[in-house]
Structure formats: structure tokens, C-alpha cells
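Input: a single structure, listed below in C-alpha cells.
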Amino acid sequence: MSMEQLKYNLPSKVQPTQRDAVLVGVTASGNCEVLLEKGEDTAHCAVDIQTSARGFGPIWQAVLNDFAERKNAGGLKIEIHDVGATPAVVSLRLDQAIEAWENQHGQ
């Protein structure tokens, strides 16, 4: 089965923390993996998604818009590898990733 590729570039408040990449989650059925890295554009977060669940672009857009509005994600590049995670799980993983990014003691 081929994976669907989705790309978003969302406005978000600047993420002031600078650090190495952060990885949370797992690529297992009903879950997803989120990788955060430093990006180029501090006014936006770039999101690349590979998902096994095809045709859910509007739902991805809604989850990511909510995340970008709630969190300081400007200047981050986010990669998501999804294996059928629900929107709630995706939102949880994004929140975990940004928390890990901001927690300097974790690295």
C-alpha cells in the first residue's frame, strides 16, 4: 500500500528554544511518530506527513491549524509518519514533541 504525502506551511508564533532534533511516538498500527527539527522560516512551521490513511487532508489541516495556533512552532520543521492514528493521538504526539523540544533538561 502506498503512503499519502501531505505538506503544510502554517503560521505560528516563534519557537525561541534552539536544540537538536526531538523524536516522539512510534510507527505502529494506530499510532504516529513525530520528528521536530530546526526549520528556516521563523514565522511558520513546515509540516511533512507520510500517512497510510488516504483522503484525510481536511482533518490533518484542522489538527495542524489547532496545534500551530496553540503552540510556539514558528521556525520548526515537523515530520509525521502516521500509521492510522486518530486526530486525538496526533494532537497528543505533537504536544509531546513540542514539550520535549522546550524541555532543555531532556537532552
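In this structure the amide hydrogen of His44, modeled in the peptide plane, comes within under 5 Å of the amide hydrogens of Ser12, Gly75, none closer than 5 places in sequence on its chain.
Overall, the anisotropy analysis places the range 19-60 in the oblate class: the square-rooted eigenvalues a ≥ b ≥ c of its C-alpha gyration tensor yield a/c not less than 1.5, with a/b not exceeding b/c. Among Leu92, Leu76, Leu36, the largest mean-square fluctuation in a Gaussian network model of the chain (Cα springs under 10 Å) belongs to Leu92. Full extension of the segment from Ser91 to Glu4, taken as 0.36 nm per residue of separation minus the current Cα-Cα distance, would add 29.4 nm.
Among 67-75, 18-26, the peptide with the highest mean count of other Cβ atoms within 10 Å heads the list, and the full ranking is 67-75, 18-26.
Look at where the Cα atoms of the range 61-81 and of the range 1-28 average out, and the two centres are 7 Å apart.
Between the helical axis of 57-70 and the longest alpha-carbon principal axis of the chain there is an angle of about 20 degrees. I need to check one value: relative contact order of the range 4-106, counting alpha carbon pairs closer than 8 Å and at least 6 residues apart, in percent. RCO, the range 4-106: 39 percent.
Computed from phi, the 3J(HN,Hα) profile of the range 8-22 under the Karplus parametrisation 6.51, -1.76, 1.60 (θ = phi - 60°) reads 9, 10, 10, x, 7, 5, 5, 8, x, 6, 10, 6, 6, 4, 10 Hz, with x in place of Gly and Pro. Taking the 0 to 90 degree range and rounding to the nearest ten, how far is the long axis of helix 87-102 tilted relative to the main principal axis of the chain, both from C-alpha atoms? The angle comes out near 20 degrees.
Only the coordinates and a few stated rules stand behind these numbers; no lab work does. Computed from a predicted structure; not experimentally measured. Positions of Cβ are generated from backbone atoms using ideal geometry, with glycine treated the same way; all protein chains shown enter the neighbour counts.
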